[in-house]
1. Under Stokes-Einstein, with the Kirkwood radius over Cα pairs standing in for Rh, what whole-number D in µm²/s applies to the stretch 9-93 at 20 °C and 1.002 mPa s?
2. Can you give the three extents of the C-alpha atoms in the stretch 227-268 along their principal axes, from longest to shortest, in whole Å?
3. Where the Cα atoms of the stretch 1-156 are projected onto their three principal axes, how long is each span, largest first, in whole Å?
4. As an exercise, find the ratio Rg/Rh for the stretch 98-144 from alpha-carbon atoms, using the Kirkwood inverse-distance average for Rh.
5. P(r) of the stretch 181-222 in 10 Å steps, Cα pairs, percent per bin?
6. Mind ranking 105-115, 235-245, 283-293 by how tightly packed they are, going by the mean number of other C-beta atoms within 10 angstrom, highest first?
7. Provide Rg over Rh for the stretch 250-295; use the alpha carbon set for both Rg and the Kirkwood Rh (inverse mean inverse pair distance).
8. Using Cβ counts within 10 Å as a stand-in for footprinting exposure, how do E88, E298, E218, E210 rank, fewest first?
Amino acid sequence: MTPFLPGATIGVLGGGQLGRMMAVCARQMGYRIVVLDPSARCPTAQVSDGVVVGALDDVEAARHLAHQVDVITLDTEHVPADVLAELEAIVPVRPGARVLRTIQDRLVQKQFLDGLGLAQAAWAPAGDAAELAAGLARVGRPAILKVRRAGYDGKGQVRINEGPEGPSRSIAADPVAQLARLRGEPAVVEAVVPFVREVSVVLARGLAGEIRIYPIAENVHRRHILHTTRAPAPMPEAQRARAEAMAVSVAEALGHVGVMAVEMFELAGGELLINEIAPRTHNSGHYTYGACATSQFEQHVRAVCGLPLGDPRALTGAVMVNLIGDLWAGGPPAWQHVLAVPEARLHLYGKYLAAPGRKMGHVVLLDDDAERALATAESLISRVSRA
Ligand code: ATP
Ligand code: MG
């Protein structure tokens with residue numbers, strides 16, 4: 001197929017920070033960007049050539065966008081697959097409806113991974129209280145209840161503790177109350193994994209099936225939100241190869257086109273379990289923008305436009321720390337402290353409201369000494385805060 005060369009227009013469904021950073025790279029390469037989002041002031045719209053204001057499940061608005069662009073891609077996996085299927089009749093959509101149908105429902109995603117024979121935490125459907133009780137009996141406690149659709153940053157998740165004999169007996173004893181906390185949405189329940197660390201494999205798959213893999217990232221979460229990433233993750237070679245092979249088999253089985261990330265738990269014995277798949281650029285890949293020859297955002301543009309993929313090689317080690325809305329509690333942070341550090345790169349997403357728990361930006365430290373960079377990251381976070 002002929003590639004969409006610079007000068008073409010890329011449509012983006014969803015106007016968050018991932019779309020924004022992709023748009024910045026795309027425009028640098030000479031592409032035009034039109035975004036669909038409920039807000040005309042969303043992070044992506046601020047750096048786009050055009051914006052269609054509409055909800056992500058608004059088929060008419062999405063069609064209106066499709067008629068203005070050459071190819072469509074996504075900022076979020078929560079665009080309904082049925083909407084993508086409609087758009088595919090108008091322009092190429094990458095990744096398409098088929099990929100999203102598998103990913104956007106946690107239950108279908110888990111069945112897909114089981115079908116590939118890839119290890120994951122013990123899980124069971126939890127559509128109602130009876131199913132949850134049966135599921136808990138299977139997966140054991142502690143467990144986590146997760147809504148099937150539209151969760152992110154730990155939203156739509158409830159932890160179920162030890163059980164009748166454990167510390168949180170009242171919560172644990174009442175599955176109905178657990179489901180009510182998810183407002184009755186269909187859920188899955190999974191065993192809490194005693195991981196020693198979390199890693200993610202970010203890779204790109206091109207139109208012809210070619211694959212480029214970024215150095216594996218090690219991720220630390222706080223309150224279910226990504227806090228820091230370091231790359232490359234300090235992993236033995238054989239284990240790195242296993243993690244990569246798992247991610248590649250996911251990308252190939254999906255027939256994915258674009259960047260995607262596979263989040264994994266590593267157990268004490270070295271076993272790797274897949275946590276979840278993100279069919280898009282990923283927070284743990286932000287370090288690639290600055291640290292790698294080709295950032296995940298440029299790579300995604302290349303893949304969806306049918307161009308040769310870029311070199312994913314890291315030119316330096318890197319640490320990324322997320323800037324969460326809580327940091328704004330005492331007023332706008334004192335960014336000069338970040339900008340005074342030579343190896344620091346500041347990224348802010350242009351969000352107008354700094355709500356607690358909301359991802360507002362991140363800092364990447366370009367440094368081969370990960371321990372030193374992590375220490376710098378923490379000290380910067382406390383120095384920029386005015387609280
Ligand atoms: P995001 O989209 O930001 O990745 P999410 O809402 O889809 O988040 P998950 O990735 O399912 O959520 O979970 C967020 C984090 O919570 C995980 O990265 C991990 O730290 C923790 N977590 C989730 N499930 C489990 C589990 N089964 N065992 C242990 N920790 C878990
Ligand atoms: Mg996750």
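Please treat every number below as a calculation from the coordinates, not as lab data. Keep in mind it's a predicted model, so treat the numbers as computed, not measured. Methodologically, a virtual Cβ is constructed for each residue, glycine included, from the backbone with ideal geometry; neighbour enumeration extends over all protein chains shown.
1. The Stokes-Einstein estimate is 177 µm²/s.
2. 30, 25, 16
3. Computed over the Cα atoms, the extents are 56, 35, 28 Å.
4. Checking Rg against Rh, the ratio lands at 1.01.
5. 19, 27, 29, 22, 2
6. In decreasing order of mean packing, 105-115, 235-245, 283-293 become 283-293, 105-115, 235-245.
7. 1.04
8. Fewest to most other Cβ atoms nearby, the residues stand as E210, E88, E218, E298.
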